[in-house]
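Q: Before we start, here is the structure in question, set down as structure tokens.
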Amino acid sequence: MTAAKPQRAAKTPRRAVAAADRTRQPTEVRRRLIVEAAVPLIAERGYASVGVRDVAAAAGVSVGTVTYHFGSVQEILSEAMVLHIERYYAALSEAAEQAGSGAEALRLLVDALFTEDTDRHWRMWFDYWNAGDPDTDEAFTRGQAERYTAWHRQIRALVERGVADGEFAAADLDGFTVRFAALADGLALQRLRQTPPLSTQDARRHLNRLVETELAVRPDRD
């Protein structure tokens, strides 16, 4: 009688592992990968419509990897928006720095704020501004305040440059900065909602009018 051959234990099916999970990466690299993946999701779907599973799929990692590195989807989206905003305003700043004067730099800034392409940025910005609970999420609120502070600082620096060059005459730089930022936000919101209709050209015209009125641009230097 022939002895029965011992049966091999069935192999456990191997779960497919994403490329990002097959290679161990430093925590900061993995976090950055996840945050980078969240930016286009916010642009496509809106801040409130992106979940942890969406981010994990876009980043090519498991949900567990995402929750290991982040305490909540809010934390991911907040960091993603900070990344987007910093890139957006860095590009504006770079363009302005290449201008030959403060007045030209401010005009370039106005032009860059309102294009067909910037509608997406403004939509993301307002989604971000309306997210979070200022009464319970202090870190989120502080992050929003820091973004506005940096934006105000950028505007003021351009005006100071124009004043130093003798192009602008402004006694209230802080007041102008607040009004410029507020008008830009208001025009952007009107542009997105189109109530009443507002073209990019008209949005620029309103902002440039504010500059001309408050900063008294000198004709011989304009």
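Q: Every residue in segment 74-99 that is over 21 Å from Leu173 (Cβ atoms) and either of a type in the set (Gly, Ala, Ser) or in contact with a Ser or Thr (Cβ under 9 Å, 6 or more places away or on another chain) (or both), please.
A: Listed by number, the residues that qualify are Ser78, Ala80, Tyr88, Ala90, Ala91, Ala95.
Q: Please count how many residues of segment 186-215 are in a helix (DSSP H, G or I), more than 18 Å from Asp111 (Cβ to Cβ) and more than 24 Å from the chain's Cα centre (by Cα).
A: Here the count works out to 2.
Q: On to the next question. With a cut-off of at least 3 residues that are open to solvent by less than 10 Å² (accessible area, probe 1.4 Å) and touching a Gly at 6+ places or on another chain (Cβ under 7 Å), name the helices (runs of 4 or more DSSP H) lying wholly within segment 72-147.
A: Per the criteria, 102-113.
Q: Filter segment 162-185 down to the residues that are open to solvent by 70 Å² or more (accessible area, probe 1.4 Å), part of a helix (DSSP H, G or I) and charged (D, E, K, R) and list them by number.
A: Asp174, Arg179
Q: Being of a type outside the set (Lys, Arg) and more than 16 Å from Arg32 (Cα to Cα): is that true of Ala59 here?
A: Taking the combined requirement at face value, the residue does not satisfy it.
Q: Moving to a separate point now. Of the residues Arg30, Arg45, which single one is touching a Ser or Thr at 6+ places or on another chain (Cβ under 8 Å) and either at pLDDT 85 or above or among the hydroxyl-bearing types (Ser, Thr, Tyr) (or both)?
A: Arg30
Q: Looking at (1) modelled with pLDDT under 85; (2) within 17 Å of Phe140 (Cβ to Cβ), find the lone condition where Val73 falls short.
A: (1)
Q: Taking Val39, is it surrounded by 13 or more Cβ atoms within 10 Å (Cβ to Cβ) and outside any helix (DSSP H, G or I)?
A: no
The values are calculated or read from the model by the stated rules, or taken from the named source; none is laboratory data. From a predicted model like this one, the values you see are computed outputs, not experimental measurements. Every residue, glycine as well, gets a Cβ built from its backbone with ideal geometry; the counts of neighbours run over all protein chains shown. For the accessible areas, the whole protein counts, side chains as well, though only heavy atoms, and no ligand, DNA or RNA atoms are used. Shrake-Rupley method; radii C 1.70, N 1.55, O 1.52, S 1.80 Å.
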